[in-house]
Structure formats: C-alpha cells, structure tokens
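K.L.:
My questions all concern the structure below.
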Amino acid sequence: MAITQAMCTSFKKELLEGTHNFKNSGGSTFKLALFTSSATLGAATTAYATTNEATGSGYSAGGANLTRVDPSSSGTTALTDFADLTFSTASVTANGALIYNSSASDKAVIVLAFGGDKTSTAGDFTIQFPAADASNAIIRIA
C-alpha cells in the first residue's frame with residue numbers, strides 16, 4: 001500500500017468536462033481528508049472514500065473545507081491554490097491527504113504524499129500549501 005503524490009487522472013478529464021469550479025464566488029466546495037500509511041492513493045484515485053482515513057481527536061471523517069484562491073494566470077500558466085489548512089488541537093497521524101470536490105460526488109482532485117507519517121499530539125496539524133504562483137501553485141496548467 002502506498003500514497004503517491006499525483007494530480008488524479010480523472011480530475012484532468014473532468015476539468016475538460018467543466019465538473020470543477022475553483023472560483024471563490026459560486027465555486028465548488030473542496031475538502032482535504034487525511035489518510036494513514038495503509039491507504040492506496042495516487043493518480044488512479046477517482047473519489048474520496050473512508051478506507052484507511054486517519055482518525056483522532058481534532059480530526060473528523062471527511063476532513064475539512066479548503067479556502068480557495070481564485071484562479072489566475074501568469075505568463076502561459078493558469079493556476080489556482082488553497083489557503084493553508086490547520087486541524088487545531090489534533091491528535092492524529094497521517095501519511096498523506098486527498099483533496100476532493102464535495103460538491104461533485106466527492107470526485108478526487110489531488111493526492112498529497114507526506115513522505116512518511118506526520119503526527120500531532122494535542123497540537124496543530126497544518127497542511128501548508130506552496131505559493132500561489134506559476135512555478136509553485138498546487139494546481140498549475142502550463
């Protein structure tokens with residue numbers, strides 16, 4: 001079992017079908033869920049499921065809503081991103097995460113691999129997103 005960082009293949013197709021809307025005003029609701037090292041997540045992941053989802057105090061099944069950064073462009077690259085997400089006073093261990101669209105049947109967007117187990121004990125568990133620019137944003141189309 002493994003978590004492999006990837007933009008989900010189904011998400012790429014769904015972008016062309018107009019399934020996902022990243023605009024702050026009237027856009028879809030995106031969530032981030034944490035998963036244990038027993039999870040199998042990667043490019044072939046198509047939707048959020050509870051199998052091997054992390055558990056613990058300060059973390060609820062399904063994860064938490066993400067705050068979107070309005071889509072923009074820089075040069076020939078279109079991009080969007082999310083604000084950092086913190087699970088406060090959490091006692092949880094996670095090996096990766098799934099960003100998914102809860103407005104569209106929990107369709108998978110991106111798998112994040114942490115490179116090993118990350119743990120918080122009655123502290124903040126924070127997902128820090130990269131800068132929202134053409135070289136670093138979590139979602140970039142070049």
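K.L.:
Go ahead and estimate [θ] at 222 nm for the chain from helices alone: -39,500 (n - 2.57) per DSSP H run with n ≥ 4, summed, over the residue count, rounded to 500.
P.N.:
Rounded to the nearest 500, the figure is -2000 deg cm²/dmol.
K.L.:
Using label points projected 7 Å from each Cα along Cα→Cβ, tell me how many nm separate residue 44 and residue 122, to one decimal.
P.N.:
With each label placed 7 Å out from Cα toward Cβ, I get 4.3 nm.
K.L.:
Sticking with this one: Could you work out the local net charge near residue 98, counting Lys and Arg as +1, Asp and Glu as -1, over the other residues with Cβ closer than 11 Å to its Cβ?
P.N.:
So the environment of residue 98 carries a net charge of 0.
K.L.:
In region 49-107, what percent of the accessible surface is made up of carbon and sulfur (1.4 Å probe, ligands and nucleic acids excluded)?
P.N.:
C and S fraction of accessible area: 45 percent.
K.L.:
Which log10 I(q)/I(0) values does region 24-73 give at q = 0.15 Å⁻¹ under the Debye formula, counting every alpha carbon as one identical point scatterer?
P.N.:
Results for region 24-73 at q = 0.15 Å⁻¹ read -0.53.
K.L.:
Could you name the aspartates and glutamates in cross-link range of residue 107, using Cα to Cα under 15 Å and dropping any fewer than eight places away on the same chain?
P.N.:
Here the aspartates and glutamates satisfying the reach criterion relative to residue 107 are 14, 17.
K.L.:
How big, on average over all directions, is the shadow cast by the Cα convex hull of region 73-117, in nm²?
P.N.:
Reported value for the Cα convex hull: 5.1 nm².
K.L.:
Calculate the spin-label point distance for residue 61 paired with residue 113, positioning each point 7 Å from the Cα along the beta-carbon direction, and give it in nanometres.
P.N.:
Going from the residue 113 label point to the residue 61 one covers 2.8 nm.
K.L.:
Still on this structure, please answer the following. Measuring with a 1.4 Å probe in the full set of protein chains, what accessible area per residue, in whole Å², belongs to the chain?
P.N.:
49 Å²
K.L.:
Kirkwood Rh and Cα-based Rg: tell me the resulting Rg over Rh for the chain, rounded to two decimals.
P.N.:
0.95
The values are calculated or read from the model by the stated rules, or taken from the named source; none is laboratory data. This is a predicted model, so every value here is computed, not measured. Cβ sites come from the backbone with ideal geometry, for glycine too, and all protein chains shown count toward neighbours. Keep in mind that these areas ignore ligands, DNA and RNA; they rest on the heavy atoms of the full protein, side chains included. Shrake-Rupley method; radii C 1.70, N 1.55, O 1.52, S 1.80 Å.
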